[in-house]
Amino acid sequence: MMRKNLTYQCFFVDKRNYLREGFIAASAGLLGFEESGARKETVQLGNPAKVILEGVPKGSSDEALGAAVKRAAEAATNFSWLSKGDTVLIKPANNSGEPYPATTSPVGLKAMIELLKAKGAGKVIVMDMAGIEHVKLMPEGLCGSTRGLMRKNGILAAVESAGGEVYLPEEEGWEAFFEDFPTAGSHWKNGIWVPKKLKEVQHIVLMPRVSRHPLAGATLGLKAAVGYLRFDSRLEYHRDARTYYEKHVEINTVPSIRDKLRLVLTTATKVQATFGPDNGYVSEPDMGLLIASPSIVAHDMVSLAWLLQNRETTPEKRKHGAHDPYATNSAVISSLNRGVVFLLGGAREAMKTEKLQKYDLSAIPCDPTLHRAFELWGGMPKVELDDQTGKVPLEVRKRLAERMVF
């Protein structure tokens, strides 16, 4: 299919910060600087990609939500990739012990396990590793417990009740990981250390959530890949912050993940519209969404649009300063990131931390995470929204669609 190029204008300030060659198509609205200007960039358009939407009314029962998850998944894929007896890994967002939407919905996760087993999966494994604030794995040992956090946020009970298995690489220690290699031209110095368990599974289903993030601006499907990383790779990721956005996208290109990802499905009946990922203002619209697609890029485009839409109804006082660090400026988020590096590697590594740049996420091509994904996945897909049950209000669909067209 013939591809076209798209020219889109994003606004940036701080003219002294020259963007690296081949980096982001748009730099963006950094608060706290006086200079301003405009930059036009070209984004290549890719092929069409369908994203399934399922409307879930506020206050729906767990049974109704679970049934909606199964419908959305079956609309997004025919499961022809799944043979009887295959092992499927579900990657949730289990960054903390906080409940959904800070972490993946246990109800949605339970429904997906049930569906996969009904489709013939021999084993369904749920795997993640929490953030450095809660868990620290080093060659010398482990502090904290992702399993304990899963118990607190309800994910562990959901997995067990559905007949799934929880596997946590931290519990096997430093040697439970192997070095896999991202796409050519990546911003990682060498390979990336990910769990050996990825070699044993045939398929991956990604189940993130929709949340703001104090360092990345948003944490959706692509960003959730950080949960695969051993802590030496997480140290490089945070310390070498000039390529922070590119690197979390590139995690998704290692063969053990890229070649096995079949479906991305987010329960987004609630949205963490500020701060994130562990806490923030929770928006719960009258009609929540499920977002499902085989395309992680198209999925994240719609998820970001949904996050932006929910931020519009967030009280203004919750969208500034300490309530929402990413809304401030690069100096603030760089300081926060340096603190993460300190936790990962100590004072010596923290001193080496590069500046983390803040961007405007108010338009899809301006998001540095998505822009790197467009480069790696053949352009910005033409998203086709498919509301099969007709429950999503017309105005909601219209506003989402408007954000997909440029």
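The values are calculated or read from the model by the stated rules, or taken from the named source; none is laboratory data. This structure is a prediction, so every number in the text was calculated from the model and none was measured. Here the Cβ positions follow ideal geometry from the backbone for every residue, glycine too, while neighbour counts run over all protein chains shown.
Please verify whether residue 336 is under 19 Å from the mean Cα position of the chain (by Cα) and either at pLDDT 95 or above or over 21 Å from residue 234 (Cα atoms) (or both), treating the condition exactly as stated. When the stated conditions are applied, residue 336 does not pass them.
For residue 347, the conditions (1) farther than 30 Å from residue 67 by Cα; (2) out of contact with any Asp or Glu (no Cβ under 9 Å at 6 or more places or on another chain); (3) touching a residue at least 60 places away in the same chain (Cβ under 8 Å) are fulfilled apart from (3).
Residue 109: assigned to a strand (DSSP E or B) and at pLDDT 95 or above, yes or no? Criteria not met by residue 109. Could we say that residue 150 is hydrophobic (A, V, I, L, M, F, W, C), at pLDDT 95 or above and in contact with a Phe, Trp or Tyr (Cβ under 9 Å, 6 or more places away or on another chain) here? When the stated conditions are applied, residue 150 does not pass them.
Could you say whether any residue in region 273-286 is touching a residue at least 24 places away in the same chain (Cβ under 8 Å) and under 13 Å from the mean Cα position of the chain (by Cα)?
yes
Conditions (1) crowded, with 24+ Cβ neighbours inside 10 Å; (2) in contact (Cβ under 8 Å) with a residue 40 or more places away in the chain; (3) out of contact with any Leu (no Cβ under 8 Å at 6 or more places or on another chain), marked per residue:
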| site | (1), (2), (3) |
| --- | --- |
| 90 | yes, yes, no |
| 95 | yes, yes, yes |
| 99 | no, yes, yes |
| 105 | yes, yes, no |
| 110 | yes, yes, yes |
| 118 | no, no, yes |
| 125 | no, yes, no |
| 135 | no, no, no |
| 138 | no, yes, yes |
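Each residue in region 102-116 was checked for being touching a strand residue (DSSP E or B) at 6+ places or on another chain (Cβ under 6 Å), farther than 24 Å from residue 170 by Cα and not aliphatic (A, V, I, L, M), and 1 of them qualify.
The single condition among (1) at pLDDT 95 or above; (2) in a loop (DSSP other than H, G, I, E, B); (3) closer than 30 Å to residue 65 by Cα that residue 302 does not satisfy is (2).
Looking across region 305-318 at every residue that is touching a residue at least 24 places away in the same chain (Cβ under 8 Å) and in a loop (DSSP other than H, G, I, E, B), the one that is surrounded by the fewest Cβ atoms within 10 Å (Cβ to Cβ) is identified as 315.
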